[in-house]
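Here the structure is laid out as structure tokens; the discussion comes afterwards.
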Amino acid sequence: VSIGSNDLLHALLGIQREDNQLEGLRTPLDPVYLMTVSQIVRHAHRWGKTVTVCGEAIDHEEALLALYALGVDGVSLPPNDIPRARRLFHSVALPSDPRAVARRLVRCQSSQEVGEVLRESFPPLTE
């Protein structure tokens with residue numbers, strides 16, 4: 001199963017791609033978006049299918065961490081962005097129970113709260 005993050009986010013929020021007045025609503029940290037991705041992952045995995053995500057959500061570091069916690073199996077990255085994603089995952093402590101993080105994420109009421117959960121759950125590694 002492949003999720004186009006831009007299309008899904010726009011459809012869920014009822015936002016047209018060309019509508020720049022609602023730019024602030026277009027965040028891959030939106031709780032409705034994360035809840036929907038979580039449901040897609042759960043149902044796909046139940047049927048033995050993997051889930052990948054492509055689109056602008058992959059460019060957002062916190063969204064990339066959220067997708068990991070939600071159980072997304074893979075992301076579609078341009079080759080030049082792979083080192084950035086690797087650095088991100090090597091710079092934070094991964095939670096011992098990503099599913100617990102996912103449960104917290106889908107209960108969030110705002111994208112700000114999502115960001116707080118992610119910062120708590122993926123603390124920076126100290127050298």
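Here segment 68-78 is the region considered, the condition is being touching a helix residue (DSSP H, G or I) at 6+ places or on another chain (Cβ under 6 Å) and assigned to a helix (DSSP H, G or I), and the residue that is surrounded by the fewest Cβ atoms within 10 Å (Cβ to Cβ) is L70. Those residues that are closer than 18 Å to L67 by Cβ and in a loop (DSSP other than H, G, I, E, B), I need them from segment 108-127; list them, please. C108, F122 - these are the residues of segment 108-127 that are closer than 18 Å to L67 by Cβ and in a loop (DSSP other than H, G, I, E, B). Check whether at least one residue in segment 94-104 is under 18 Å from V41 (Cβ atoms), part of a helix (DSSP H, G or I), hydrophobic (A, V, I, L, M, F, W, C) and touching a residue at least 24 places away in the same chain (Cβ under 8 Å), and report yes or no. Yes; the residues of segment 94-104 include at least one that is under 18 Å from V41 (Cβ atoms), part of a helix (DSSP H, G or I), hydrophobic (A, V, I, L, M, F, W, C) and touching a residue at least 24 places away in the same chain (Cβ under 8 Å). Among the residues of segment 43-63, write down those that are within 20 Å of P79 (Cβ to Cβ), part of a helix (DSSP H, G or I) and either in contact with a Pro (Cβ under 7 Å, 6 or more places away or on another chain) or acidic (D, E) (or both). Passing the criteria: E56, A57, D59, E61, A63. The set of residues in segment 46-67 that are open to solvent by 80 Å² or more (accessible area, probe 1.4 Å) and modelled with pLDDT of 90 or more comprises R46, W47, K49, T50, E61.
Whether any residue in segment 18-39 is buried (at least 19 other Cβ atoms within 10 Å of the Cβ), modelled with pLDDT of 90 or more and in contact with a Pro (Cβ under 7 Å, 6 or more places away or on another chain) is what I want to check. Checked segment 18-39: no residue is buried (at least 19 other Cβ atoms within 10 Å of the Cβ), modelled with pLDDT of 90 or more and in contact with a Pro (Cβ under 7 Å, 6 or more places away or on another chain). Among the residues of segment 105-123, those identified as open to solvent by less than 30 Å² (accessible area, probe 1.4 Å), touching a residue at least 40 places away in the same chain (Cβ under 8 Å) and not aromatic (F, W, Y) are L105, C108, V114, G115, L118, S121.
The values are calculated or read from the model by the stated rules, or taken from the named source; none is laboratory data. Quick caveat, the model's predicted, so the values are computed rather than measured. All Cβ positions, even for glycine, are placed from backbone atoms using ideal geometry, and neighbour counts span all protein chains on display. SASA here: full protein model, heavy atoms, side chains in, ligands and nucleic acids out. Shrake-Rupley method; radii C 1.70, N 1.55, O 1.52, S 1.80 Å.
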